[in-house]
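K.L.:
Structure incoming, see below.
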Amino acid sequence: MKPLKGASEIEASKLRRLIVRIGGREKQGKSTWSLTAPTPIAYHNLNNRVEHVLDRFVGRGIYEFKYDTLLAREQAEWKFMWDKFRRDFMEAIGNPDVRTIVIDTETDLWEMRRLAQWGRESSVPDQYGALNKDIRNIYDSIAGTDKNLIVISEMKKKYITKIVRTRSGERELSEWDGSYEMAGWSNAGAKVEVNVEAVFDPKTKTFSTT
């Protein structure tokens, strides 16, 4: 074929890593599954409720970054933590020995970024451009590296909107459809290579992923 100016034929990637989002309802094994990834692991703990999980991985090459999200109240405190997270994340990317980066949870990370922007306002502005760009950069910064990225997502009830007729006319009604969906940044599913759902079966006492 005649060469295309400015283009080159694609070649097989030499990178051997995965960018994964894992979600599930509470106590379904999301954090445990993530910490079985290749080590050393840089673990960004925004969860603050996983001590019983971390105890099982002592001595296995897990390095924890902590964030006191439970103590934060003012917007300035949230901005301080967001800036700390960005520094910590770039530290993990820049360390040649780190094989996997885990964010627990991506839902908490999105909330941290939102509160750093506006604080706990009752009326939150709808301009999310800067927030979306900052979160998107987290995923894009992994491109070109050999590091795995695992983001853990909480689940929320999925609501659908119905039109109901009343004596005063038609109106919209939100109703839970009986299922759950990933919480956090809405575009996360498109920025990862694999979407995983963790499930625990209490009858057989087994964990599985889909």
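The values are calculated or read from the model by the stated rules, or taken from the named source; none is laboratory data. Quick caveat, the model's predicted, so the values are computed rather than measured. Note that each Cβ is placed from the backbone with ideal geometry, even for glycine, and that neighbours are counted across all protein chains shown. These accessible areas exclude ligands, DNA and RNA; they are computed on the full protein's heavy atoms, side chains included. Shrake-Rupley method; radii C 1.70, N 1.55, O 1.52, S 1.80 Å.
K.L.:
Counting only heavy atoms of the protein chains, get the accessible area per residue of segment 28-182 (1.4 Å probe) and round it to a whole Å² value. Please list the in-between numbers first.
P.N.:
On the way: 8880 Å² over 155 residues.
Value for segment 28-182: 57 Å² per residue.
K.L.:
Right, something else. Per-residue ellipticity at 222 nm for the chain, helices alone: DSSP H runs ≥ 4 residues times -39500 (n - 2.57), over residue total, nearest 500 deg cm²/dmol?
P.N.:
The per-residue figure over the chain is -8000 deg cm²/dmol.
K.L.:
Report the net charge of residues surrounding P202, where surrounding means a beta-carbon distance below 14 angstrom and charges are Lys +1, Arg +1, Asp -1, Glu -1.
P.N.:
Local charge sum for P202: +2.
K.L.:
Could you please put L15, L71, L131, L54 in sequence from largest to smallest accessible area, using a 1.4 Å probe?
P.N.:
Result, largest first: L71, L15, L54, L131.
K.L.:
Further, regarding this structure: Can you give me the solvent accessible area of T32 with a 1.4 Å probe, rounded to the nearest 10 Å²?
P.N.:
Here the residue's solvent-accessible area equals roughly 40 Å².
K.L.:
Sticking with this one: What's the magnitude of the charge dipole for segment 109-203 around its Cα centre, counting Lys and Arg as +1 and Asp and Glu as -1 at the beta-carbon? Answer in Debye, nearest 20.
P.N.:
Roughly 320 debye, rounded to the nearest 20.
K.L.:
Now a separate question. Accessible area of Y180, 1.4 Å probe, to the nearest 10 Å²?
P.N.:
Estimated to the nearest 10 Å², Y180 gives 70 Å².
K.L.:
Among the lysines, select those whose C-alpha is under 29 Å from the C-alpha of K14, and discard any that sit fewer than 8 residues away in the same chain.
P.N.:
K2, K5, K30, K133, K147, K191
K.L.:
Now a separate question. Considering the dipole of segment 64-191 built from charges on the beta carbon (Lys and Arg +1, Asp and Glu -1) around the Cα centre, which of A183, L173, I138 is farthest to its positive end?
P.N.:
L173
K.L.:
Here's a follow-up. Note down the relative contact order for the chain as a percent, whole number, built from C-alpha pairs under 8 angstrom at least six residues apart.
P.N.:
30
K.L.:
Charges at C-beta only: +1 for Lys and Arg, -1 for Asp and Glu. How large is the resulting dipole of the chain about its Cα centre, in Debye rounded to 20?
P.N.:
400
K.L.:
Per the Kirkwood treatment, what hydrodynamic radius in Å, one decimal, follows for segment 2-109 from the mean inverse distance over all distinct Cα pairs?
P.N.:
Details: mean 1/r = 0.0620 Å⁻¹.
After inverting the pairwise mean of 1/r, the radius is 16.1 Å.
K.L.:
Ok, one more. Taking the chain as the region of interest, what is the percent of Cα-Cα pairs per 10 angstrom bin, listed from the shortest bin to the one with the maximum distance?
P.N.:
7, 28, 32, 19, 10, 4, 1, 0
K.L.:
Right, another one. Quick one: length gained pulling L54 to T36 fully straight, 0.36 nm per residue minus the C-alpha distance? Present the calculation step by step, with values, prior to reporting the outcome.
P.N.:
Values: separation 18, 0.36 × 18 = 6.48 nm, distance 1.12 nm.
Extra length from L54 to T36 when fully extended: 5.4 nm.
K.L.:
What figure in square angstrom, to the nearest 10, would you give for the accessible area of K205 with a 1.4 Å probe?
P.N.:
Approximately 150 Å² of K205 is accessible to the 1.4 Å probe.
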